[in-house]
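What follows is a short report on a single structure.
The values are calculated or read from the model by the stated rules, or taken from the named source; none is laboratory data. Keep in mind it's a predicted model, so treat the numbers as computed, not measured. When we count neighbours, we look across all protein chains shown, and the Cβ atoms used for this are built from the backbone with ideal geometry, even at glycine. Note: areas computed on protein heavy atoms with side chains; ligands, DNA, RNA excluded. Shrake-Rupley method; radii C 1.70, N 1.55, O 1.52, S 1.80 Å.
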Amino acid sequence: MKQELVRMSSVDNIEMVGMLYEPEEKSNRIVIHVHGLCGNFYENKFLDTLAKTYTNKGYSFLTFNNRGTNFISELIKGNDFEVIGGCYEKFKDCLLDIEGAITYAKNKKYTEIILEGHSYGCNKVLYYYDKKRDTSIKKIILLAPCDIPQECVKFLSKEEYETAKQESTKLVNEGNESELINFSVNANGVISAGTYYNDFLPNGENDFIRYSDGENGKSELLNNINIPVLVVFGDIDECVLTTDIEIVKKYLNNNIENCNIEIIKGADHSYTNKYKELGKSIENNL
């Protein structure tokens, strides 16, 4: 396996740093990994296992920082800087980041692409495919896809949830989207009013994985996905399982036409100490 630190640009010229892993023999196939909320291209230890899994099967593997990296980040944009990070990003701007990574891959002569997301990254890759319909994307892999608004209901106290809803609504209506509000789901304890209001309350742009609607709930976007989808999560994943695991499985199968679900026993949201099992689940479905 060969590896290289790479620099790419989003469509709007934000620099995105990442790591490209390549098999020893040249390949035209690549997996592009999109990290979760406030994440990065290196922190999740399961990425080391995935890099080996994919390259052993003849795929290259690209993992990179998007504009939602870390909590608050000063990112290079041309000859200047822009402060974004997970506390300030707008979900729909994921289109600009993912397209930048795909353009990079195509310029390196990759013609078959698998889009992979972890956690919040799952929403991003599904959204991108639905909006762009890029025929070079042959498959989607979802690692721990979440019902985002329901996560907030689960992990915030009732008082904190209502306060965040009221404060974010007020600040957005006043034109103060960048002002930070309390949000204990993030380890730094804050998020911008605009990000919370637009992307974490129900009916936002990314609110299309809705386990809370029950096993017979319908998602128009998920029903639009017409390529194979592999879903892998653990049976103790505190973020995915905002409702019963059987409801989650049935909801996904009822909404995604070509869906294969793998459940890893004893795995949490980061697959802690279950990296080999994750690699094997993916290897068996390539």
request  = Would you mention how many residues in the range 61-90 are basic (K, R) and in contact with a Phe, Trp or Tyr (Cβ under 9 Å, 6 or more places away or on another chain)?
outcome  = 1
key: Test result for N284, surrounded by fewer than 16 Cβ atoms within 10 Å (Cβ to Cβ), out of contact with any helix residue (DSSP H, G or I) (no Cβ under 8 Å at 6 or more places or on another chain) and farther than 29 Å from P202 by Cβ   = yes
query = Given the structure, is F91 more than 30 Å from E283 (Cβ to Cβ) and buried (at least 20 other Cβ atoms within 10 Å of the Cβ)?
reply = yes
remark   = Counting only residues that are open to solvent by 40 Å² or more (accessible area, probe 1.4 Å), assigned to a strand (DSSP E or B) and of a type outside the set (D, E), the range 4-13 contains a total of 3
query = Any residue at all in the range 99-106 that is farther than 19 Å from V6 by Cα and either crowded, with 16+ Cβ neighbours inside 10 Å or among the small types (G, A, S) (or both)?
reply = no
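If you go through the range 14-35 one residue at a time, do you hit one that is assigned to a loop (DSSP other than H, G, I, E, B) and aliphatic (A, V, I, L, M)?
Checking the range 14-35: not a single residue is assigned to a loop (DSSP other than H, G, I, E, B) and aliphatic (A, V, I, L, M).
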note = For the range 11-37 the number of residues that are closer than 22 Å to L142 by Cα and among the hydroxyl-bearing types (S, T, Y) is 1
query = Which residue pairs have Cβ atoms closer than 9 Å, lie 6 or more positions apart in sequence or on different chains, and pair a first residue in the range 177-193 that is in contact (Cβ under 8 Å) with a residue 12 or more places away in the chain and more than 21 Å from S119 (Cβ to Cβ) with a second residue that is surrounded by fewer than 18 Cβ atoms within 10 Å (Cβ to Cβ) and hydroxyl-bearing (S, T, Y)?
reply = I181/T163; N182/T163; A193/T169; A193/S178
request  = Write out, first by first residue and then by second, each pair whose Cβ atoms fall under 6 Å of each other, whose residues are 6+ apart or on separate chains, and whose first residue, in the range 124-139, is open to solvent by less than 10 Å² (accessible area, probe 1.4 Å) while the second is part of a loop (DSSP other than H, G, I, E, B).
outcome  = none
Failed condition for Y54, given (1) out of contact with any Gly (no Cβ under 8 Å at 6 or more places or on another chain); (2) among the aromatic types (F, W, Y); (3) open to solvent by less than 10 Å² (accessible area, probe 1.4 Å); (4) closer than 27 Å to L180 by Cα = (4)
remark   = Per the list (1) open to solvent by 50 Å² or more (accessible area, probe 1.4 Å); (2) out of contact with any Lys or Arg (no Cβ under 7 Å at 6 or more places or on another chain), residue check on Y275 breaks on (2)
ask   = Mind checking which residues of the range 25-51 are open to solvent by 30 Å² or more (accessible area, probe 1.4 Å) and free of Cβ contacts under 8 Å to residues at least 24 places away in the same chain?
value = K26, Y42, E43
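Condition check ((1) within 20 Å of the chain's Cα centre (by Cα); (2) free of Cβ contacts under 8 Å to residues at least 40 places away in the same chain; (3) within 25 Å of S184 (Cβ to Cβ)) across all residues:
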position	(1), (2), (3)
T55	no, no, no
S60	yes, no, no
N70	yes, yes, yes
E74	no, yes, yes
G78	no, no, no
G86	yes, no, yes
key: Residue list for the range 254-272, restricted to those being open to solvent by 20 Å² or more (accessible area, probe 1.4 Å) and of a type in the set (S, T, Y)   = S270, T272
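Based on this model, can you work out whether G194 counts as assigned to a helix (DSSP H, G or I), open to solvent by less than 10 Å² (accessible area, probe 1.4 Å), at negative phi and touching a His at 6+ places or on another chain (Cβ under 8 Å)? So that I can check it myself, show each step before the final result.
Working: assigned to a helix (DSSP H, G or I): yes; open to solvent by less than 10 Å² (accessible area, probe 1.4 Å): yes; at negative phi: yes; touching a His at 6+ places or on another chain (Cβ under 8 Å): no.
It is false that G194 is assigned to a helix (DSSP H, G or I), open to solvent by less than 10 Å² (accessible area, probe 1.4 Å), at negative phi and touching a His at 6+ places or on another chain (Cβ under 8 Å).
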